[in-house]
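The structure appears right after this line, and notes come after that.
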Amino acid sequence: MAIVLGLDLSTQSATALVLDTQVGKTLARARAGFGPDFPGRGHPEGFLPGGQGGVVHADPLLWLDGLELALERLAKLTDLSKVDAVSVSGQQHGSVYLAEGYAAALADGDRTTALSAKFKAVLARATSPIWMDSSTSAECRELQALFGARMQADTGSPAIERFTGPQIRKFFKQSPTAYSATDHVHLVSSFIASVLAGKSLPIDFGDGAGMNLLNLKSLTWDKDLIDATAPELSDKLLPAASCLKPQAKISSYFVEKYGFAATCQVCPFTGDNPASLVGMGATTPGQVVISLGTSDTFFAAMTEPKTDPQGFGHVFGNPAGGFMSLICFRNGSLAREALRDELGVDWSAFDQEALSASKASAGKNLTLPFYGAEITPRHDFEKPITEFSESSTDAIRIRSLLEGQFLNMRLHSQWMGIAPQRILLTGGASKNNGIAQIVADVFQAPVERLEVANSAALGAALIAATAAGNDLVKLQAIFCKPSPDSRIEPDTHLASNYASALDSFKRLLQTQI
Ligand code: XUL
């Protein structure tokens with residue numbers, strides 16, 4: 001086993017990465033952005049803007065077009081017939097509703113018709129709710145009323161708006177006919193896995209734990225939860241499975257169109273956070289990963305499924321076995337971009353040098369960093385709440401927003417009881433040294449970054465290689481190395497500033513929610 005393909009189907013783009021695991025090298029990478037590469041499709045940031053009442057949907061056909069464009073670009077860079085196994089990481093929680101007859105679309109090897117054209121006719125629901133959707137509070141209340149504390153104890157999370165179970169329930173309540181015409185409900189990951197395999201593949205444990213439906217004790221769908229969520233749901237879900245167990249060979253469509261070998265293996269695919277845990281080399285407990293993306297996430301491997309007493313944090317499956325904790329902060333990149341645009345500056349204003357000008361004010365100007373509804377803590381914020389003077393410099397305002405983001409993260413990760421010895425930083429904004437320094441200072445822990453920028457795509461590739469019989473720990477030692485000179489030490493003089501800022505931040509937050 002030598003060459004593997006990992007794909008990351010995230011909110012905004014499809015990124016493909018080919019690794020040669022024998023020589024420890026990345027052979028090629030390619031990307032397609034759902035907004036920039038498909039300007040006519042109305043998804044400037046990867047989802048349909050303007051949804052009412054917390055609705056955030058995306059077009060699953062665009063994911064297929066994005067996947068195809070990324071593969072088309074990749075095929076120009078490397079010989080895909082050499083790829084032995086493929087795995088994909090998908091944005092978590094998003095669901096795809098496929099009608100009867102979709103098996104024929106999956107199996108259709110005719111390469112002259114694009115996948116999106118084949119699937120258009122077999123979608124039981126034209127658009128897919130994604131992780132940013134917060135429109136299912138009523139359904140969450142209904143499920144919580146039925147199951148109470150058992151929901152969190154058994155599935156790792158209380159009923160959560162973006163999780164797939166409440167989303168399925170809402171679809172069933174609002175569109176019973178379309179729901180009953182649904183043959184299978186898939187997650188983004190299992191949908192794309194099925195498309196690549198040419199037959200329906202199961203949801204994996206890691207991603208399945210983000211549905212409020214998987215019992216973490218048995219790693220099977222919880223019958224009572226399934227039955228209470230929507231009628232006949234058990235018929236619409238395949239049994240959950242491990243992403244390390246090969247299930248199929250790639251379909252003839254991909255063989256014909258992109259030149260894959262007919263022997264290329266496909267496993268169930270996982271979610272972007274479990275895949276990132278693998279790609280960051282963090283599948284064993286002891287380190288913390290912070291991923292800075294459309295949403296920011298904070299996660300770590302856990303042996304036992306410990307749960308957050310406040311109910312903001314979650315437990316997902318660790319692809320390498322055991323569990324992972326995950327806290328998601330919705331005001332991630334979108335908030336940083338909003339401030340950048342408001343100040344009319346570019347990212348260089350977030351650099352270490354630019355921010356050092358405001359170091360004297362570290363921890364002294366608080367911002368509740370929410371430009372819109374937040375999920376940790378859950379509240380409908382409309383704009384950031386700031387505690388500094390109008391005349392503050394750009395550097396102070398940027399520092400304050402970033403400090404607010406990471407104080408919020410520090411506050412809401414205390415339940416894990418981890419004092420991080422090392423923080424692994426990933427995601428688009430992680431390259432920025434100014435942001436990395438503020439993470440190190442707020443948490444008072446060193447920050448390291450890996451050589452590979454897209455840890456979810458790397459994780460998917462390593463999962464493919466492991467499923468094909470390679471040793472994950474050895475692979476991680478090769479591919480998950482911190483990049484030389486990437487380490488940023490905390491400024492220990494700021495420890496007390498941030499300890500008291502954390503208390504003030506908590507108090508300010510309590511006045512608002
Ligand atoms: C995790 C979550 C997000 C998405 C983003 O619970 O909602 O991190 O997975 O892709």
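The values are calculated or read from the model by the stated rules, or taken from the named source; none is laboratory data. None of the values given here were measured: they were computed from a predicted structure. Methodologically, a virtual Cβ is constructed for each residue, glycine included, from the backbone with ideal geometry; neighbour enumeration extends over all protein chains shown. Heavy atoms of the whole protein, side chains included, go into the accessibility calculation; ligands, DNA and RNA do not. Shrake-Rupley method; radii C 1.70, N 1.55, O 1.52, S 1.80 Å.
Only DSSP H runs of four or more residues enter the estimate; each adds -39500 (n - 2.57), and after division by the residues of the chain the mean residue ellipticity at 222 nm equals -10500 deg cm²/dmol.
Amide H contacts of Leu27 (H built 1.01 Å from N, in plane; Pro and chain starts excluded): Val18, Leu19, Asp20 sit under 5 Å, all sequence-distant by 5 or more or on other chains.
Take the Cα of Glu451, step 7 Å toward its Cβ, do the same at Asp235, and the gap between the two points is 5.2 nm. Peptides 103-111, 497-505 ranked from most to least packed give 497-505, 103-111, packing being the mean of other C-beta atoms within 10 angstrom over each peptide's residues.
May I ask you to order 306-318, 480-492 by the average number of other C-beta atoms within 10 Å around their residues, highest value first?
Working: 306-318: 20.9, 480-492: 14.5.
Descending packing order for the listed peptides: 306-318, 480-492.
Mind scanning Lys359/Lys481; Lys25/Lys76; Lys118/Lys173 and naming the pairs with a C-alpha gap bigger than 22 Å? Can you show the working numbers first?
Working: Lys359/Lys481 30 Å; Lys25/Lys76 18 Å; Lys118/Lys173 28 Å.
Pairs exceeding the cut-off: Lys359/Lys481; Lys118/Lys173.
If I compute solvent accessible area with a 1.4 Å probe over the protein chains, what percent of it on the chain is carbon and sulfur? Present the calculation step by step, with values, prior to reporting the outcome.
On the way: 9480 of 18550 Å².
Looking at the chain in its full context, I get 51 percent from C and S.
Among the trypsin sites (Lys or Arg not before Pro) in segment 412-461, none is located in a DSSP loop while being surrounded by at most 11 other Cβ atoms within 10 Å of its own Cβ.
At a threshold of 8 angstrom on Cα-Cα distance, excluding pairs fewer than six apart, so keeping six or more, what relative contact order does the chain reach in percent?
Normalised by residue count, the contact order of the chain is 16 percent.
Per the Debye calculation on segment 262-379 with a single equal scatterer at every Cα and no solvent contribution, log₁₀ I(q)/I(0) for q = 0.13, 0.17, 0.20 Å⁻¹ amounts to -0.69, -0.98, -1.13. Summarising the label geometry, the points placed 7 Å from Cα in the beta-carbon direction at Ser218 and Asp79 lie 4.9 nm from one another. Summed over the residues of the chain and divided among them, the accessible surface reaches 36 Å² per residue at a probe radius of 1.4 Å.
Over segment 420-487, one equal point on each Cα, no solvent: what is log10 I(q)/I(0) by the Debye formula at q = 0.12, 0.26 Å⁻¹? One equal scatterer on each Cα of segment 420-487 leads to -0.35, -1.10. Dipole size of the chain about its Cα centre, with +1 on Lys/Arg Cβ and -1 on Asp/Glu Cβ: approximately 460 debye, rounded to the nearest 20. Find the relative contact order for segment 283-339 and round it to a whole percent, using C-alpha pairs within less than 8 Å whose residues are 6+ positions apart. Value for segment 283-339: 36 percent.
Output the pairs from Lys170/Lys245; Lys170/Lys249; Lys120/Lys257 with a Cα-Cα distance over 28 Å in this structure; if there are none, say none.
Violating the 28 Å limit, Cα to Cα: Lys170/Lys245; Lys170/Lys249.
Need one word for segment 68-155: rounded, prolate or oblate. Basis is the Cα gyration tensor (sqrt eigenvalues a ≥ b ≥ c); a/c below 1.5 gives rounded, then a/b vs b/c decides. All intermediate terms of the calculation are to be shown ahead of the outcome.
Values: a/c = 2.86, a/b = 1.91, b/c = 1.50.
Here segment 68-155 falls in the prolate category.
Geometric descriptor of the chain, per residue, is 133 Å³ (volume of the convex hull of the Cα atoms). Each peptide in 381-391, 467-477, 149-159, 16-26 was scored by the mean count of other Cβ atoms within 10 Å over its residues; highest first, the order is 149-159, 16-26, 467-477, 381-391.
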